[in-house]
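Trainee: Handing you this structure, nothing more for now.
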Amino acid sequence: MMRPGFTAPVENAQACFRAVLDAISRPGRVQILTLGLTPPAPLDIATAAVLLTLVDAETPLSHDAGAEADSWLRFHCGSPMAAVGEAAFVLATGKPPALAGLPAGSEEEPERGATLVLQVASLEAGTGWRLTGPGIEHEHRLNARGMPAGFISEWAAQRGRFPCGVDIILCAGDRVAALPRGTRIEEG
């Protein structure tokens, strides 16, 4: 049986969209989603909500979430499935693909860079990485537990392609944070 999506589709999508916008405009700030959503495993509430809000029938999606999540995403989002290198959104619930292998846009169309929705073990503000850059007055601190080894160096390499590059939305449980491509990350 197909699990339901948002219980109040308009209100829930609006609340999630506001949370994602806040997360993107304030990199490293953790937003909490309070939604009545029960997605299939392995999707967390935040991961499912972000996809229900941002992905639609015109948004190519690639994911590693398995068959039940695939059916659920196809039914609720209607998005066409695509290869990682051709997707506008890439969902990683396990080991994420290399950032260099994701669409980065072009000098003429940097907005065509992919968004990686990365499900991690936990998100906590106030400790961890030191984030600086656009949207951050001085610095933000973010502890994203469950990130892949070598992520900081991979992120630094992709920042060198700015304004092209990949944006990341981090999800853990009911929490969301974002790392827009212009954000600088240093170990805490």
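Trainee: Suppose we filter segment 39-81 for residues that are touching a helix residue (DSSP H, G or I) at 6+ places or on another chain (Cβ under 8 Å) and either at positive phi or among the polar types (S, T, N, Q) (or both); how many remain?
Mentor: Summing the residues that are touching a helix residue (DSSP H, G or I) at 6+ places or on another chain (Cβ under 8 Å) and either at positive phi or among the polar types (S, T, N, Q) (or both) in segment 39-81 gives 4.
Trainee: Identify, from the list 124, 154, 137, 108, the residue that is modelled with pLDDT of 95 or more, outside any helix (DSSP H, G or I) and farther than 29 Å from residue 39 by Cα.
Mentor: The conditions single out 108.
Trainee: Moving on to the next point. All but one of (1) surrounded by fewer than 22 Cβ atoms within 10 Å (Cβ to Cβ); (2) at pLDDT 95 or above; (3) more than 18 Å from residue 65 (Cβ to Cβ) hold for residue 161, so report the exception by its number.
Mentor: (2)
Trainee: Follow-up. For residue 76, work out the one condition from (1) assigned to a helix (DSSP H, G or I); (2) touching a Ser or Thr at 6+ places or on another chain (Cβ under 9 Å) it doesn't fulfil.
Mentor: (2)
Trainee: Is it the case that some residue within segment 98-107 is touching a helix residue (DSSP H, G or I) at 6+ places or on another chain (Cβ under 9 Å) and under 19 Å from residue 177 (Cα atoms)?
Mentor: Yes; the residues of segment 98-107 include at least one that is touching a helix residue (DSSP H, G or I) at 6+ places or on another chain (Cβ under 9 Å) and under 19 Å from residue 177 (Cα atoms).
Trainee: What about residue 117, is it out of contact with any Phe, Trp or Tyr (no Cβ under 8 Å at 6 or more places or on another chain), at pLDDT 95 or above and part of a strand (DSSP E or B)?
Mentor: Criteria not met by residue 117.
Trainee: Kindly list the number of the only condition in (1) of a type in the set (Ser, Thr, Tyr); (2) closer than 20 Å to residue 50 by Cα; (3) loosely packed, with under 15 Cβ neighbours inside 10 Å that fails for residue 127.
Mentor: Among (1) of a type in the set (Ser, Thr, Tyr); (2) closer than 20 Å to residue 50 by Cα; (3) loosely packed, with under 15 Cβ neighbours inside 10 Å, residue 127 violates only (2).
Trainee: I'm trying to understand the selection: among the residues of segment 1-38, which are in contact with a strand residue (DSSP E or B) (Cβ under 8 Å, 6 or more places away or on another chain), aliphatic (A, V, I, L, M) and assigned to a loop (DSSP other than H, G, I, E, B)?
Mentor: Result: 30, 33.
Trainee: Confirm whether residue 114 is touching a strand residue (DSSP E or B) at 6+ places or on another chain (Cβ under 7 Å) and closer than 23 Å to residue 153 by Cα.
Mentor: Yes, satisfied.
Trainee: So which residues in segment 67-83 are in contact (Cβ under 8 Å) with a residue 60 or more places away in the chain and polar (S, T, N, Q)?
Mentor: 71
Trainee: Okay, moving on. Of the residues 121, 144, 104, which is surrounded by 13 or more Cβ atoms within 10 Å (Cβ to Cβ) and closer than 30 Å to residue 10 by Cα?
Mentor: 144
Trainee: List pairs: first residue in segment 51-66 and closer than 12 Å to residue 118 by Cα, second residue of a type in the set (S, T, N, Q) anywhere in the structure, Cβ distance under 6 angstrom, at least six positions apart or on different chains.
Mentor: 64/93; 65/93
Trainee: Related question: Among the residues of segment 52-68, are any modelled with pLDDT of 95 or more, over 12 Å from the mean Cα position of the chain (by Cα) and closer than 21 Å to residue 124 by Cβ?
Mentor: Checking segment 52-68: not a single residue is modelled with pLDDT of 95 or more, over 12 Å from the mean Cα position of the chain (by Cα) and closer than 21 Å to residue 124 by Cβ.
The values are calculated or read from the model by the stated rules, or taken from the named source; none is laboratory data. This one's a predicted model, so the numbers in the text were calculated from it and none came from an experiment. Counting neighbours? That spans all protein chains shown, and the Cβs are built from the backbone with ideal geometry, glycine included.
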